[in-house]
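K.L.:
Starting off with a structure, shown below.
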Amino acid sequence: MAADDYIIRQISVFSENRPGRLAAIAHALEEECVNIFAFSIAEASGFGVVRALVDHPDRAYERLTSEGFNVAFTDVIAVRMRDEPGGLFEIANLLGEAGVNIEYSYAYSGLDGGVLILRVDRPEDAIAAIRGAGKELIASSAFA
Amino acid sequence: MYWDEKHETMRQAELEALQLRRLRETLTRVQNVEFYRDLLEREGVRAEEIRTLEDVRRLPFTKKQDLRSGYPFGFFAVPMRDVVRIHTTSGTTGKPTVVGYTRGDLDNWSGLIARNMTMVGLTADDVFQNAVNMGMFTGGLGFHYGAEKIGMTVLPAGTGNTKRQVEMIDDFGVTAIHCTPSYAMHLAEVAEEMGSDLASLKCGIFGAEAWSDATRSELQDRLGVTAYDSYGLSELYGPGVAFECPEQDGLHIWHDSYLVEIIDPVTGEPLGPGERGELVVTPLVKEAMPLLRYRTGDITMLYEDDCPCGRTMRIARFSGRVDDMLIIRGINVFPSQIEHVLMAMPEVGDQFMVYVDRGERHLDEMTIEVEIKRRFFSGELADLARLQERIVRALREALELRTHVRLVEPGSLPRFEGKSKRVIDRRGTL
Ligand SMILES: [Zn+2]
């Protein structure tokens, strides 16, 4: 598989820190039958960005935009992680040695183990390093 | 190009001598007005004591309310047989303010307008469409007489029937138009609907409303004109008091005809060049209705440097009314200054809200809510945080004040026509 096949489109939603915004996002996605694999919230003063990996990013984008949300796509990669102590360190260390900077990451636990989602400054290098170390990257097709 | 090169480019020393002579003449004229006779006597100021231009500060201010109290002709300094024209300015409440003109006044006034229009390159070869109200409002006849003085072909088009206005521009080869910026925007829309590109039009004179630099770019693009800001006040004749030159950077105010002061609107103390405050004007050549230190309520500042065009000192484009001013930690802040900063940032939407609170230790806190334009959202929190910091920095530079900036979701702020409702001052309610 080409490196491109591992680039996954995350949806990023601008949200004010006020009650009900996350619920509104979740409710909109539910109505569109969009399944959320993973999400995280990053906060600054007064506002935040809700990041989510979903099974139908375009549909999610359309719906949230039509509800007035400000939505953007962000490229991330997803790595299968050993579900035991040291699993995170292994991947972080691997990327560090390859000179790849992790801008942020979040994780989820699926039926077949943990998955680490990474936003990095140089995705091609990250993909090469991870594959070179024999770690399993999840293809974007797995999220559609 | 100058209409009156001598007065437009007069050297400082010569100008000041002329101003002083005319100020003293004005002091003589106001003796014919009961209000001023009483006021000067009450304040204990005698005309002979005004020996230098700085002495003008010893004179009392004249306020809009004073003029209202003189309704209708209480401020006329000449007999009615010498008054050849009357205009009025509509007040929001009560009676209008009445302004009278002698034949000499009309000549002076149209001369000032002729200076303005010549300054932006208009000549007897131009065809001028005057698309403002022609009635008691000073804007219509003021420009009419000024343009005729230059020898331009004048169309007293008035307002309304915009399709007909577009047709006239095209059929008569109109090269210059005068109207309010909002009517200009409407005219652009109608012309676009009619499929006209207003090919002959090259010069737009816009006044009677405050308008932003963003509006300037839009009007220039859509009408195919160079847009100039025109400032005037009926009490000071009408339009023609100050006008932009081709540099489009500040307005030339005609110092030989208007003695200009910028004051702190709260203390009344004079402010220097570069300091924003209220424009106070003593007209120097008005005959029918002379005024002393008239408080315009308009906010501007004197430029520190000279204009490359060679004319006398400029004032900044107007940035609001004294009535809108906020005092935050002792610093005067105008909502329009905030608007200017935000308008200059492409990432930020057109709407904003300002909240003023009394925070901890009784310090005033100002919070500004702004919308981020959709296409500028990258999806990255760090980019938003950087933008927020950049807005705070730009505001601090413009206002000399640390503010809080909140980024809010697009479309979430209320939409208003005017500026004043954008400010919610919650200090009084605590
Ligand atoms: Zn100039």
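The values are calculated or read from the model by the stated rules, or taken from the named source; none is laboratory data. Everything numeric in this text was worked out from a predicted model, so none of it was measured. Cβ: placed from backbone, ideal geometry, glycine included. Neighbour counts: every protein chain shown. Each accessible area value is taken on the protein alone, full model and side chains, heavy atoms only, with ligands, DNA and RNA left out. Shrake-Rupley method; radii C 1.70, N 1.55, O 1.52, S 1.80 Å.
K.L.:
Looking at the range B:63-76, is at least one residue assigned to a helix (DSSP H, G or I), more than 22 Å from the chain's Cα centre (by Cα) and more than 28 Å from B:PRO265 (Cα to Cα)? Lay out the reasoning, then the answer.
P.N.:
Step one: filter the range B:63-76 for residues assigned to a helix (DSSP H, G or I), giving B:64-69.
When the remaining residues are screened for being more than 22 Å from the chain's Cα centre (by Cα), the result is B:69.
Subset that is more than 28 Å from B:PRO265 (Cα to Cα): none.
Taking every residue of the range B:63-76 in turn, none turns out to be assigned to a helix (DSSP H, G or I), more than 22 Å from the chain's Cα centre (by Cα) and more than 28 Å from B:PRO265 (Cα to Cα).
K.L.:
Could I ask something else about it? Spot the failing condition for B:HIS144; the list is (1) within 22 Å of B:VAL84 (Cβ to Cβ); (2) not in a helix (DSSP H, G or I), and only one is missed.
P.N.:
(2)
K.L.:
Continuing with this model, one more query. Within 14 Å of chain B (Cβ to nearest Cβ), closer than 29 Å to B:LEU413 by Cβ and not hydrophobic (A, V, I, L, M, F, W, C): does that describe A:TYR106?
P.N.:
Numbers: within 14 Å of chain B (Cβ to nearest Cβ): yes; closer than 29 Å to B:LEU413 by Cβ: no; not hydrophobic (A, V, I, L, M, F, W, C): yes.
Taking the combined requirement at face value, the residue does not satisfy it.
K.L.:
Does A:GLU31 satisfy the condition of being within 9 Å of chain B (Cβ to nearest Cβ) and either open to solvent by 40 Å² or more (accessible area, probe 1.4 Å) or over 12 Å from the mean Cα position of the chain (by Cα) (or both)? Full working, then the answer.
P.N.:
Values: within 9 Å of chain B (Cβ to nearest Cβ): no; either open to solvent by 40 Å² or more (accessible area, probe 1.4 Å) or over 12 Å from the mean Cα position of the chain (by Cα) (or both): yes.
The answer is no for A:GLU31.
K.L.:
Which strands (runs of 3 or more DSSP E) does the range A:36-122 wholly contain that include 1 or more residues that are in contact with a Phe, Trp or Tyr (Cβ under 6 Å, 6 or more places away or on another chain)? Spell out the reasoning first.
P.N.:
Numbers: elements: A:36-43, A:47-54, A:70-81, A:102-110, A:113-120.
The qualifying strands (runs of 3 or more DSSP E) are A:36-43, A:47-54, A:70-81, A:113-120.
The rows are residues; the columns are (1) under 22 Å from B:ALA385 (Cα atoms); (2) not aliphatic (A, V, I, L, M).
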| position | (1), (2) |
| --- | --- |
| A:HIS27 | no, yes |
| A:ASN35 | no, yes |
| A:ASN70 | yes, yes |
| A:ASP75 | yes, yes |
| A:ALA92 | no, no |
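K.L.:
Considering each residue of the range B:278-294, count those that are in contact with a strand residue (DSSP E or B) (Cβ under 6 Å, 6 or more places away or on another chain) and either open to solvent by 40 Å² or more (accessible area, probe 1.4 Å) or at positive phi (or both), and give that number.
P.N.:
Residues in the range B:278-294 being in contact with a strand residue (DSSP E or B) (Cβ under 6 Å, 6 or more places away or on another chain) and either open to solvent by 40 Å² or more (accessible area, probe 1.4 Å) or at positive phi (or both): 1 in total.
K.L.:
Does A:ARG82 satisfy being open to solvent by 50 Å² or more (accessible area, probe 1.4 Å) and either more than 17 Å from A:LEU118 (Cα to Cα) or of a type in the set (Gly, Ala, Ser) (or both)? Spell out the reasoning first.
P.N.:
Details: open to solvent by 50 Å² or more (accessible area, probe 1.4 Å): yes; either more than 17 Å from A:LEU118 (Cα to Cα) or of a type in the set (Gly, Ala, Ser) (or both): no.
Answer is no for this residue.
K.L.:
With respect to A:ARG51, is the statement that it is of a type in the set (Lys, Arg), under 23 Å from B:LEU381 (Cβ atoms) and either in contact (Cβ under 8 Å) with a residue 40 or more places away in the chain or within 14 Å of chain B (Cβ to nearest Cβ) (or both) true? Working first, answer last.
P.N.:
On the way: of a type in the set (Lys, Arg): yes; under 23 Å from B:LEU381 (Cβ atoms): yes; either in contact (Cβ under 8 Å) with a residue 40 or more places away in the chain or within 14 Å of chain B (Cβ to nearest Cβ) (or both): yes.
In short, yes.
K.L.:
Taking the stated definitions as given, is B:THR123 polar (S, T, N, Q) and assigned to a loop (DSSP other than H, G, I, E, B)? Outline the logic, then answer.
P.N.:
Values: polar (S, T, N, Q): yes; assigned to a loop (DSSP other than H, G, I, E, B): yes.
Yes, satisfied.
K.L.:
Quickly run through the range B:291-321 and pick out the residues that are touching a His at 6+ places or on another chain (Cβ under 9 Å) and either more than 15 Å from the ligand (Cβ to nearest atom) or outside the structural domain of B:ARG57 (by TED's automatic domain parsing) (or both).
P.N.:
Matches in the range B:291-321: B:SER319 only.
K.L.:
Next question. Could you please let me know if B:TYR355 is within 16 Å of the ligand (Cβ to nearest atom), of a type in the set (Ser, Thr, Tyr) and farther than 20 Å from B:GLU209 by Cα?
P.N.:
Values: within 16 Å of the ligand (Cβ to nearest atom): no; of a type in the set (Ser, Thr, Tyr): yes; farther than 20 Å from B:GLU209 by Cα: yes.
For B:TYR355, the condition - within 16 Å of the ligand (Cβ to nearest atom), of a type in the set (Ser, Thr, Tyr) and farther than 20 Å from B:GLU209 by Cα - is not met.
K.L.:
Within the set of pairs 6 or more residues apart or between chains, which connect a residue that is facing chain B (nearest Cβ under 8 Å) inside the range A:60-76 to a residue that is among the charged types (D, E, K, R) and not in a helix (DSSP H, G or I) with Cβ atoms less than 8 Å apart?
P.N.:
A:GLY68/B:GLU409; A:PHE69/B:GLU409; A:ASN70/B:GLU409; A:PHE73/A:ARG9; A:THR74/A:ARG9; A:THR74/A:ARG51; A:THR74/A:ARG119; A:THR74/B:GLU380
K.L.:
Could you run through the range B:119-146 and say how many residues are crowded, with 19+ Cβ neighbours inside 10 Å and within 16 Å of the ligand (Cβ to nearest atom)?
P.N.:
Selection size over the range B:119-146: 3.
K.L.:
From the list B:GLY94, B:GLY121, B:GLY100, exactly one residue is at pLDDT 95 or above and farther than 19 Å from B:PHE243 by Cβ. Which is it?
P.N.:
Working: B:GLY94 fails: at pLDDT 95 or above; B:GLY121 fails: farther than 19 Å from B:PHE243 by Cβ.
On inspection, the qualifying residue turns out to be B:GLY100.
K.L.:
A further question follows. Filter the range B:73-118 for residues that are more than 16 Å from the ligand (Cβ to nearest atom) and charged (D, E, K, R) and give the result. Steps first, answer last, please.
P.N.:
We begin by selecting, within the range B:73-118, every residue more than 16 Å from the ligand (Cβ to nearest atom); these are B:73-111, B:113-114.
Passing the criteria: B:ARG81, B:ASP82, B:ARG85, B:LYS95, B:ARG103, B:ASP105, B:ASP107.
K.L.:
Six or more apart or on different chains, Cβ atoms under 7 Å: show the pairs whose first residue is in the range B:158-176 and within 17 Å of B:PHE206 (Cα to Cα) and whose second is acidic (Asp, Glu) and at pLDDT 95 or above.
P.N.:
If the second residue must be acidic (Asp, Glu) and at pLDDT 95 or above, the pairs left are B:THR175/B:ASP126; B:ALA176/B:ASP126.
K.L.:
Could I ask something else about it? Kindly evaluate B:MET1 against the criterion of being open to solvent by 100 Å² or more (accessible area, probe 1.4 Å), in contact (Cβ under 8 Å) with a residue 60 or more places away in the chain, in a loop (DSSP other than H, G, I, E, B) and under 27 Å from B:THR118 (Cβ atoms).
P.N.:
Values: open to solvent by 100 Å² or more (accessible area, probe 1.4 Å): yes; in contact (Cβ under 8 Å) with a residue 60 or more places away in the chain: yes; in a loop (DSSP other than H, G, I, E, B): yes; under 27 Å from B:THR118 (Cβ atoms): yes.
Against the criterion (open to solvent by 100 Å² or more (accessible area, probe 1.4 Å), in contact (Cβ under 8 Å) with a residue 60 or more places away in the chain, in a loop (DSSP other than H, G, I, E, B) and under 27 Å from B:THR118 (Cβ atoms)), B:MET1 qualifies.
K.L.:
With the structure loaded, tell me whether B:ASP107 is out of contact with any Leu (no Cβ under 7 Å at 6 or more places or on another chain), surrounded by fewer than 16 Cβ atoms within 10 Å (Cβ to Cβ), part of a helix (DSSP H, G or I) and acidic (Asp, Glu) or whether it fails that test.
P.N.:
So B:ASP107 passes the test.
K.L.:
Condition first: within 14 Å of another protein chain (Cβ to nearest Cβ) and free of Cβ contacts under 8 Å to residues at least 12 places away in the same chain. Now tell me which residues in the range B:377-401 satisfy that.
P.N.:
Looking only at the range B:377-401, we keep the residues that are within 14 Å of another protein chain (Cβ to nearest Cβ), and these are B:377-392.
Correct list: B:PHE377, B:SER378, B:GLY379, B:GLU380, B:LEU381, B:ALA382, B:ASP383, B:ALA385, B:ARG386, B:GLU389.
K.L.:
Going by the structure shown, is B:ALA288 more than 16 Å from the ligand (Cβ to nearest atom), modelled with pLDDT of 95 or more, part of a loop (DSSP other than H, G, I, E, B) and of a type in the set (Gly, Ala, Ser)?
P.N.:
On the way: more than 16 Å from the ligand (Cβ to nearest atom): yes; modelled with pLDDT of 95 or more: yes; part of a loop (DSSP other than H, G, I, E, B): yes; of a type in the set (Gly, Ala, Ser): yes.
In short, yes.
K.L.:
Can you tell me which residue is nearest to the ligand (Cβ to nearest atom) among those in the range B:261-272 that are over 23 Å from B:MET10 (Cβ atoms) and part of a loop (DSSP other than H, G, I, E, B)? Show your work before the answer.
P.N.:
At the first step, the residues of the range B:261-272 found to be over 23 Å from B:MET10 (Cβ atoms) are B:263-269, B:271.
Next cut, part of a loop (DSSP other than H, G, I, E, B) only: B:264-269, B:271.
Working: B:ASP264: 27, B:PRO265: 27, B:VAL266: 31, B:THR267: 31, B:GLY268: 30, B:GLU269: 29, B:LEU271: 22 Å.
Restricting to residues being over 23 Å from B:MET10 (Cβ atoms) and part of a loop (DSSP other than H, G, I, E, B), the top hit is B:LEU271.
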